[in-house]
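Colleague: Questions regarding the structure given below will be posed in turn.
The values are calculated or read from the model by the stated rules, or taken from the named source; none is laboratory data. No experiment lies behind these values; they were computed from the predicted model shown. Every residue, glycine as well, gets a Cβ built from its backbone with ideal geometry; the counts of neighbours run over all protein chains shown.
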Amino acid sequence: MTRSIQLDGYVARIAAGLLDEAGAIIQRESPAHRYAIITDDVVSPLYASRVAAAIGSHLCSILTIVAGETHKTRETWAHLTDALLEQGHGRDSVIVALGGGVIGDLAGFVAATFMRGIPCVNVPTTLLAMVDAAIGGKTGVDTKAGKNLVGAFKRPASVIVDPLVLQTLPESHLRSGIVEALKHGVVSDAGYFDLVTRYSACDRPQPNELLELIAGSIAIKGDIVRGDEHERGRRKVLNFGHTLGHAVEFESNYRLSHGEAIAIGMVLEAEIAERAGIARLGTASVIRAALGGAGLPVVRPAELDSQALLAATRVDKKARLGIVEYALPRRIGEMAGGDSGWSVPITDSAVLEVLG
Ligand SMILES: NC(=O)c1ccc[n+]([C@@H]2O[C@H](COP(=O)([O-])OP(=O)(O)OC[C@H]3O[C@@H](n4cnc5c(N)ncnc54)[C@H](O)[C@@H]3O)[C@@H](O)[C@H]2O)c1
Ligand SMILES: [Zn+2]
């Protein structure tokens with residue numbers, strides 16, 4: 001049975017085996033003369049020819065980049081757009097983003113800019129991309145100054161999720177997806193937080209549990225993004241863990257994955273919220289226990305310098321007039337700042353107290 005979740009102008013579909021039906025969905029909802037499947041060199045040998053066959057191999061070109069965050073750059077964007085032009089793609093082409101969050105962000109940005117914008121179908125293949133990155137229309141690339149600093153809002157034409165592809169995903173990347181699912185619980189639903197905590201403790205979640213997590217997170221994120229696509233208000237709550245988390249990810253030179261860095265960021269930011277009297281006492285330790293129980297790092301690597309992390313938060317898009325704003329919880333399931341635009345200015349000294 002396929003689960004369909006209606007989002008802002010597009011539908012996310014989730015079903016085991018959906019990859020082989022992707023062709024019918026894409027041809028029906030995003031008819032085009034040609035399709036460009038953008039993927040990476042890990043995912044390509046696993047799934048690209050299956051997706052191409054489902055669409056019709058004669059209609060598809062497959063553009064493969066080197067996997068990894070360090071390739072989510074303007075240089076790769078230039079390489080991809082050049083390749084599309086060389087292969088004769090035009091305004092009547094459609095991009096298919098087949099991969100994790102790196103591919104989703106990059107291919108989405110290519111789709112937002114190529115010929116001033118062509119449709120993009122998201123086929124996420126990591127848990128992180130299924131529960132988070134493929135939804136909501138944020139696309140972009142990293143620069144030397146920081147993460148996601150150049151990009152565009154670009155709604156996908158549709159999202160096609162086949163949880164069976166997670167069978168090939170290494171355990172560590174599966175855990176990264178759990179982080180964003182736990183974040184969805186913290187920002188809006190304590191019951192969902194408990195569910196994710198239960199499913200992710202001990203072993204790899206079962207296939208039916210993964211399905212529930214994917215559908216649950218897409219519904220929560222879709223609900224938050226609806227009405228605030230451009231993040232002027234409530235959507236900011238989804239940045240919980242990401243102000244310090246992005247700084248940790250960047251300062252580790254991407255040695256830590258996005259999910260691992262955000263896990264550390266969630267713990268640090270919950271501690272800031274508690275010390276500032278914003279979060280109920282004990283909130284940080286519940287978050288730390290859930291993340292730790294799922295096998296995620298909860299302590300910042302000692303070699304990451306406090307001042308460098310602080311400096312990195314200032315480059316983040318969440319800084320306004322030099323003061324960094326945070327999305328902070330009041331308790332599990334409820335965020336602070338509803339009367340002040342869903343973000344809270346925090347002084348450097350308060351951050352340094354927690355960073356030590
Ligand atoms: N746009 C958004 O709203 C949003 C939200 C959250 C995260 N992100 C971005 O997402 C990125 C992180 O995404 P990610 O964690 O998916 O990383 P990723 O795309 O680098 O994927 C992780 C690794 O798994 C491999 N892989 C992917 N699918 C596989 C499969 N089915 N089997 C085997 N290997 C597979 C990839 O090749 C890669 O090596 C970051 O750049 C982050 O900024 C964006
Ligand atoms: Zn994230």
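Colleague: Go through 75, 21 for me and flag whichever is outside any strand (DSSP E or B), exposed (fewer than 14 other Cβ atoms within 10 Å of the Cβ) and among the acidic types (Asp, Glu). Before the answer, list the steps.
Modeller: Working: 21 fails: exposed (fewer than 14 other Cβ atoms within 10 Å of the Cβ).
Just a single option satisfies the conditions, and that option is 75.
Colleague: Would the range 71-81 turn up any residue that is hydroxyl-bearing (Ser, Thr, Tyr) and within 16 Å of ligand 1 (Cβ to nearest atom)?
Modeller: Initially, the range 71-81 is screened for residues hydroxyl-bearing (Ser, Thr, Tyr), giving 73, 76, 81.
Then keep just the ones that are within 16 Å of ligand 1 (Cβ to nearest atom); that gives 73, 76.
Yes; the residues of the range 71-81 include at least one that is hydroxyl-bearing (Ser, Thr, Tyr) and within 16 Å of ligand 1 (Cβ to nearest atom).
Colleague: Among the residues of the range 174-184, is there at least one that is more than 14 Å from ligand 2 (Cβ to nearest atom), of a type outside the set (A, V, I, L, M) and farther than 30 Å from residue 84 by Cα?
Modeller: No.
Colleague: Looking at residue 176 and the list (1) in contact with a His (Cβ under 7 Å, 6 or more places away or on another chain); (2) not assigned by TED's automatic domain parsing to the domain that holds residue 282, which single condition is not satisfied?
Modeller: (2)
Colleague: Which is farther than 30 Å from residue 143 by Cβ and either within 16 Å of ligand 2 (Cβ to nearest atom) or outside any helix (DSSP H, G or I) (or both), of 194, 203?
Modeller: Exactly one residue qualifies, and that residue is 203.
Colleague: Please state which one of 248, 315, 298 is assigned by TED's automatic domain parsing to the domain that holds residue 194 and either within 13 Å of ligand 2 (Cβ to nearest atom) or crowded, with 23+ Cβ neighbours inside 10 Å (or both).
Modeller: Matching residue, one of 248, 315, 298: 248.
Colleague: Return the only residue of 323, 278 being at pLDDT 95 or above and among the β-branched types (Val, Ile, Thr).
Modeller: 278
Colleague: Test of understanding: among 210, 268, 281, which residue is in contact with a helix residue (DSSP H, G or I) (Cβ under 8 Å, 6 or more places away or on another chain), away from ligand 1 (no atom under 16 Å from the Cβ) and more than 27 Å from residue 147 (Cα to Cα)?
Modeller: 281
Colleague: Here is a further query. Tell me, please, whether a residue that is within 16 Å of ligand 2 (Cβ to nearest atom), assigned by TED's automatic domain parsing to the domain that holds residue 288 and assigned to a loop (DSSP other than H, G, I, E, B) can be found in the range 216-232.
Modeller: Yes, there is a match, as at least one residue in the range 216-232 is within 16 Å of ligand 2 (Cβ to nearest atom), assigned by TED's automatic domain parsing to the domain that holds residue 288 and assigned to a loop (DSSP other than H, G, I, E, B).
Colleague: Out of the residues in the range 132-178 that are β-branched (Val, Ile, Thr) and not in a strand (DSSP E or B), which is nearest to the chain's Cα centre (by Cα)? Please lay out each step first, then the result.
Modeller: Quick first cut of the range 132-178, residues β-branched (Val, Ile, Thr) only: 135, 139, 141, 143, 150, 159-161, 165, 168, 178.
Checking the rest, the ones that are also not in a strand (DSSP E or B) come to 135, 165, 168, 178.
Values: 135: 8, 165: 17, 168: 19, 178: 11 Å.
Across the range 132-178, the extreme among qualifying residues is 135.
Colleague: Yes or no: the range 273-291 includes at least one residue that is of a type in the set (Ser, Thr, Tyr) and under 20 Å from the mean Cα position of the chain (by Cα).
Modeller: No, the range 273-291 contains no residue that is of a type in the set (Ser, Thr, Tyr) and under 20 Å from the mean Cα position of the chain (by Cα).
Colleague: How many residues, within the range 51-70, are without any contact (Cβ under 8 Å) to a residue 60 or more places away in the chain and within 12 Å of ligand 1 (Cβ to nearest atom)?
Modeller: 4
Colleague: Just for the range 196-223: of the residues that are of a type in the set (A, V, I, L, M, F, W, C) and within 19 Å of residue 171 (Cα to Cα), which one is surrounded by the fewest Cβ atoms within 10 Å (Cβ to Cβ)?
Modeller: Result: 202.
Colleague: A further question on this structure: So in the range 121-152, with the set limited to residues that are in contact with a strand residue (DSSP E or B) (Cβ under 7 Å, 6 or more places away or on another chain) and under 19 Å from residue 50 (Cβ atoms), which one is surrounded by the most Cβ atoms within 10 Å (Cβ to Cβ)?
Modeller: Looking at the filtered set, the residue picked out is 130.
Colleague: Testing residue 349 on (1) under 20 Å from residue 179 (Cα atoms); (2) of a type in the set (Gly, Ala, Ser); (3) without any contact (Cβ under 8 Å) to a residue 60 or more places away in the chain, one condition comes back false. Which one is that?
Modeller: With respect to (1) under 20 Å from residue 179 (Cα atoms); (2) of a type in the set (Gly, Ala, Ser); (3) without any contact (Cβ under 8 Å) to a residue 60 or more places away in the chain, residue 349 is out only on (1).
Colleague: Which one is surrounded by the fewest Cβ atoms within 10 Å (Cβ to Cβ), of the residues in the range 224-245 that are within 19 Å of residue 328 (Cα to Cα) and of a type in the set (D, E, K, R)?
Modeller: So, considering only residues that are within 19 Å of residue 328 (Cα to Cα) and of a type in the set (D, E, K, R), the one surrounded by the fewest Cβ atoms within 10 Å (Cβ to Cβ) is 232.
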